[in-house]
Amino acid sequence: MKTVVITGANRGLGLEFCRQYSQADWQVIAYCRQPEHADELNALSQNYPNLHIFALDVTDHDNIDALAAELETDIDVFISNAGIYGDTVGHGFGNLDYTAWQHTLNTNVISAMKLAEAFSPHLGRGPQGLFVAISSLMGSIADNGGGGSILYRSSKAALNAAMKSLAIDLTPQQIGVLIFHPGWVRTDMGGPNGLINAEESITGMRHIIENFELSQSGQFIKYDGTPMPW
Ligand SMILES: NC(=O)c1ccc[n+]([C@@H]2O[C@H](COP(=O)([O-])OP(=O)(O)OC[C@H]3O[C@@H](n4cnc5c(N)ncnc54)[C@H](OP(=O)(O)O)[C@@H]3O)[C@@H](O)[C@H]2O)c1
């Protein structure tokens with residue numbers, strides 16, 4: 001049985017990752033901030049004994065270290081999915097909220113690297129581990145024609161840069177890294193006007209994960225495999 005770890009597992013894309021991997025008979029380690037309020041995830045675990053839920057706030061590095069220390073299983077795929085938008089109405093250029101910016105960077109960038117550091121030993125024990133970062137096309141500098149969203153865009157651009165280096169650094173250990181744009185998805189973050197639903201996004205990313213080869217490590221791609229501009 002293969003093992004996948006997913007952060008931000010209680011709603012949106014994280015929940016759909018849990019649903020699909022549970023159905024596919026993987027061992028699913030689901031991390032979310034408040035398991036006691038994760039109603040849909042808890043309901044899912046009633047049907048799937050292969051789904052295990054633990055508390056994790058990804059900005060809490062001690063929490064990350066403790067979970068990594070207590071996890072005995074090898075990991076095949078680690079999905080760093082938890083993220084926030086950060087930007088709020090009224091806080092664009094001229095009135096930026098610097099506390100919110102630091103929190104956005106902590107959540108979207110620094111946590112991903114901390115998770116990779118803490119869990120890479122588990123990924124390295126299997127035949128070929130894969131660390132997946134859920135980024136965004138909004139982190140693309142080349143694609144930025146609209147401006148704004150300074151907190152979110154900068155956090156995802158930084159995530160991309162960090163993950164690209166991680167891909168190179170982990171290759172000798174046979175651990176791959178993929179950076180995904182999941183599409184514009186109808187979730188709490190994506191809103192009701194998103195172009196696709198979570199099922200389509202996750203089905204696409206799972207297909208790419210399934211067929212991953214180490215030579216692809218460090219790619220920034222859309223859920224359907226289309227290369228994304230940096
Ligand atoms: N939806 C889109 O169109 C879209 C497009 C591009 C990229 N993305 C990226 O896809 C990922 C998932 O987005 P989504 O659409 O599923 O968003 P979402 O519905 O807003 O869900 C975000 C998830 O992240 C969790 N989270 C936030 N801060 C956390 C923290 N400090 N510790 C642990 N968990 C935390 C949330 O948990 P709580 O319930 O506890 O808040 C929730 O489970 C994000 O990285 C996002 O940037 C989404």
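Values in this text are rule-based calculations from the coordinates and carry no lab data. The model shown is predicted, which means the values in this text are computed figures rather than measured ones. Don't worry about glycine lacking a Cβ; one is built from the backbone with ideal geometry, like all the others, and counts go over all protein chains shown.
Points worth noting:
- Looking across GLY124, GLY218, one residue alone is within 16 Å of the chain's Cα centre (by Cα) and either under 21 Å from ILE64 (Cα atoms) or touching a residue at least 24 places away in the same chain (Cβ under 8 Å) (or both). It is GLY218.
- Residues (surrounded by fewer than 17 Cβ atoms within 10 Å (Cβ to Cβ) and either of a type in the set (Lys, Arg) or within 23 Å of ASN63 (Cβ to Cβ) (or both)) located in segment 15-50: GLN34, GLU36, HIS37, ASP39, GLU40, ASN42
- Scope segment 127-138; condition free of Cβ contacts under 8 Å to residues at least 60 places away in the same chain and surrounded by fewer than 23 Cβ atoms within 10 Å (Cβ to Cβ); matching residues: PRO127, MET138
- Members of segment 7-49 that are charged (D, E, K, R) and without any contact (Cβ under 8 Å) to a residue 24 or more places away in the chain: GLU36, ASP39
- Residues located in segment 139-196, provided they are in a loop (DSSP other than H, G, I, E, B), in contact (Cβ under 8 Å) with a residue 60 or more places away in the chain, under 13 Å from PHE220 (Cα atoms) and under 15 Å from the mean Cα position of the chain (by Cα): PRO182
- PRO121, sole failed condition from (1) crowded, with 16+ Cβ neighbours inside 10 Å; (2) assigned to a helix (DSSP H, G or I): (1)
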